[in-house]
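These notes are about the structure you will find just below.
A short reminder: the numbers here are calculations on the coordinates, not readings from a lab. Computed from a predicted structure; not experimentally measured. Positions of Cβ are backbone-derived with ideal geometry, glycine not excepted, and every protein chain shown enters the neighbour counts.
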Amino acid sequence: MTTGRTERGERARGERGSSVLELMCVLLLMTIVLGAVFESIVSVEKATSGTGARLENLDEARVLIATATRDVRTAVPLTAGTSPFVIADANEIEFYGNLDTTAAPKLVHIYIDANHQLIEKVQDPDSPTRNPDQTKPPYTYTIKTPTLRMVGRFVANNAANPIFTYLDDTGTALTPTPLSSANSLAVHDVAINLTVYKTSPFNQNATTLKNQVRLPNVDYNAVAN
C-alpha cells in the first residue's frame, strides 16, 4: 500500500512538473510571437508615416516649382537693350514681369526668408502708364506698398544647392552669381532647382524638383508696354 501511494505521489509530482514546464514554453513562444507582431506593426507604421512625409514634401515642392516657373516666365525688359533682372542671384531673384497684368509690369522679388520659406514680394508701378520723358525710367517702383505672400515652406536650398541657375542662349551657365549687368543681359533661360525637406523621424531624404524656364519676352525682344 505504501509503495502504491508513493508511486502515485511521484507521478502526480511529475505531471505537475511537466505542466509548469509546458506553460513556461507556451508563454515564451507567445512572447516571441507577440514581439514579432509588434515589430511588424511598428515597421508598417514607420513606412506609412515615411510615405506620408515624402508625399507632403512632394506636394510642397510642386507648389513651389509651379509658382516660381510661372512667375519667372513673365520676366520682361522695361526698355530695349536692358535686362529684366534687377537681382540675379543663386537663391534670390528680382525682375520686372507681366505678372497677372496686361498693362504695366510689376516688380517681382522671390527669396528665402529666415524660416526657410519661399517668399514672393510683388510691387505695382507708381503709375500705370509709361513716363513720356525719355530721360527718366519708363516706370518707377517707389511709392506703392508691395504685397508679400508665402509661396511654400521647408525650402532646403543653400549656397551649395542654388535655386536659380542662369543660362545663355547656348545653355551655358552664367557665373558668378549675383550676375553682373553684362551677364544679366545674356540670360536666355533660368533653371529652377527646388529642394524641400520637412524634418521628420520617418523621412531622411529631401524632395527635389527641377525645371528650365524659357523667357519668351527676352526671346522675341519684347519690352514692357
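Which percent of Cα-Cα pairs in segment 57-219 sits in each 5 Å bin, short to long?
Final binned percentages: 2, 9, 17, 21, 18, 15, 9, 5, 2, 1, 0, 0, 0.
Give me the number: length gained by fully extending SER181 to VAL63, i.e. 0.36 nm times residue separation minus the C-alpha to C-alpha distance, one decimal in nm. All intermediate terms of the calculation are to be shown ahead of the outcome.
Values: separation 118, 0.36 × 118 = 42.48 nm, distance 3.07 nm.
Length gained, SER181 through VAL63: 39.4 nm.
On a C-alpha basis, how far is the centre of segment 17-37 from the centre of segment 63-104 in Å? Whole number, if you could?
70 Å
Can you put LYS106, LYS121, LYS136 in order of Cβ neighbours within 10 angstrom, beginning with the fewest?
Values: LYS106 25, LYS121 14, LYS136 10.
In order of increasing Cβ crowding within 10 Å: LYS136, LYS121, LYS106.
How many nm is it between the label spots at ASP100 and ASP133, if each spot is 7 Å from the Cα in line with the beta carbon?
3.1 nm
How large is ³J(HN,Hα) for each residue in segment 165-171, as worked out from phi by the Karplus curve 6.51 cos²θ - 1.76 cosθ + 1.60 (θ = phi - 60°), to whole Hz, x for Gly and Pro?
In residue order, the calculated couplings are 10, 9, 10, 8, 6, 9, x Hz.
Taking 0.36 nm per residue of separation and subtracting the Cα-Cα distance, what length does fully extending GLN117 through THR142 add? Display every interim value, and only then the final one.
On the way: separation 25, 0.36 × 25 = 9.00 nm, distance 2.52 nm.
Between GLN117 and THR142, full extension yields an extra 6.5 nm.
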